[in-house]
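See below for the structure under consideration.
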Amino acid sequence: MDSAAAPEIVLAIVPADERHLDALMAVMHAAFDPRYGEAWSAAQLAATLTLPGCWARLALLGSQAVGFSLCRAAGPEVELLLIAVTPAVHRQGIAGRLLLRCQEDAMGRGASELFLEVREDNEPAKYLYNRAGFVQVGRRADYYTANDGNRRAAITMRYSLEHLVG
């Protein structure tokens with residue numbers, strides 16, 4: 001009987017574009033709770049992927065898409081538009097790896113700050129961002145509208161990319 005261990009499946013974070021739309025949308029549908037209405041449509045995502053200054057990263061475990069990020073650069077600022085990880089692999093550091101890659105990509109594009117917005121009651125996401133060094137810089141009341149009509153604020157957060165240097 002062979003006691004050789006199964007090969008370790010390694011997380012890879014790779015560039016993504018409109019050719020990866022099906023994989024990105026599969027993660028989107030798995031990751032975003034439909035009651036909050038935060039998931040983008042395939043048309044919205046496809047259009048954003050083709051805009052100048054926008055880029056996406058896809059997280060793969062083997063050949064399985066398990067997460068992604070989508071960013072947009074505007075001068076010295078980058079906005080993290082979306083970050084998503086499938087629930088089956090939550091709490092394995094994938095979101096943190098995607099976030100760090102966003103920060104590195106932003107620095108590589110010459111940005112000095114990274115911004116994002118998060119639903120005020122999305123505690124796991126806020127924990128991730130706070131742990132990564134983001135600070136709250138604003139609040140947009142009634143920004144998100146859930147499918148049940150309830151509205152929630154968006155918390156605007158900022159990360160100074162100078163923290164990555166040194």
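The values are calculated or read from the model by the stated rules, or taken from the named source; none is laboratory data. Note that this is a predicted model, so its numbers are computed, not measured. Here the Cβ is made from the backbone with ideal geometry for all residues, glycine too, and neighbour counts use every protein chain on show. Quick note on the areas: whole protein, heavy atoms, side chains included, nothing else; ligands and nucleic acids left out. Shrake-Rupley method; radii C 1.70, N 1.55, O 1.52, S 1.80 Å.
The set of residues from segment 139-153 being open to solvent by less than 60 Å² (accessible area, probe 1.4 Å) and either outside any strand (DSSP E or B) or closer than 14 Å to E79 by Cα (or both) comprises A146, G149. Looking at segment 13-31, is at least one residue modelled with pLDDT of 90 or more, part of a loop (DSSP other than H, G, I, E, B) and either hydrophobic (A, V, I, L, M, F, W, C) or open to solvent by 90 Å² or more (accessible area, probe 1.4 Å) (or both)? Looking through segment 13-31, none of the residues is modelled with pLDDT of 90 or more, part of a loop (DSSP other than H, G, I, E, B) and either hydrophobic (A, V, I, L, M, F, W, C) or open to solvent by 90 Å² or more (accessible area, probe 1.4 Å) (or both). L128 meets each of the listed conditions (1) within 23 Å of R35 (Cβ to Cβ); (2) modelled with pLDDT under 90; (3) among the hydrophobic types (A, V, I, L, M, F, W, C) apart from (2).
If you check P87 against the conditions, is it within 16 Å of L128 (Cβ to Cβ) and either out of contact with any strand residue (DSSP E or B) (no Cβ under 9 Å at 6 or more places or on another chain) or surrounded by fewer than 17 Cβ atoms within 10 Å (Cβ to Cβ) (or both)? Answer is yes for this residue.
Just one of the listed residues (R119, R151) is in contact with an Asp or Glu (Cβ under 9 Å, 6 or more places away or on another chain) and without any contact (Cβ under 8 Å) to a residue 12 or more places away in the chain, namely R151. Residues in segment 115-138 that are out of contact with any Ser or Thr (no Cβ under 7 Å at 6 or more places or on another chain), open to solvent by less than 60 Å² (accessible area, probe 1.4 Å) and of a type in the set (A, V, I, L, M, F, W, C): L116, V118, A125, L128, A132, F134.
Could we say that L80 is touching a residue at least 12 places away in the same chain (Cβ under 8 Å) and either surrounded by 13 or more Cβ atoms within 10 Å (Cβ to Cβ) or among the aromatic types (F, W, Y) (or both) here? Against the criterion (touching a residue at least 12 places away in the same chain (Cβ under 8 Å) and either surrounded by 13 or more Cβ atoms within 10 Å (Cβ to Cβ) or among the aromatic types (F, W, Y) (or both)), L80 qualifies.
Being farther than 20 Å from P34 by Cβ, crowded, with 18+ Cβ neighbours inside 10 Å, hydroxyl-bearing (S, T, Y) and touching a helix residue (DSSP H, G or I) at 6+ places or on another chain (Cβ under 7 Å) narrows it down to one of S112, S69, so name that one. Going through S112, S69 in turn, the sole match is S69. Scoring G138 on the criteria (1) without any contact (Cβ under 8 Å) to a residue 40 or more places away in the chain; (2) within 22 Å of D33 (Cβ to Cβ) leaves a single failure, condition (2). Among the residues of segment 57-68, are any closer than 23 Å to S160 by Cα, at pLDDT 95 or above and charged (D, E, K, R)? Scanning segment 57-68 turns up at least one residue that is closer than 23 Å to S160 by Cα, at pLDDT 95 or above and charged (D, E, K, R).
A39 - would you say it is open to solvent by 40 Å² or more (accessible area, probe 1.4 Å), of a type in the set (A, V, I, L, M, F, W, C) and in a loop (DSSP other than H, G, I, E, B)?
Yes: the conditions hold for A39.
Could you please let me know if V78 is outside any loop (DSSP other than H, G, I, E, B), touching a Gly at 6+ places or on another chain (Cβ under 8 Å) and under 25 Å from A153 (Cα atoms)? No, not satisfied. Taking the stated definitions as given, is F68 of a type in the set (F, W, Y), touching a strand residue (DSSP E or B) at 6+ places or on another chain (Cβ under 6 Å) and more than 15 Å from D22 (Cα to Cα)? No.
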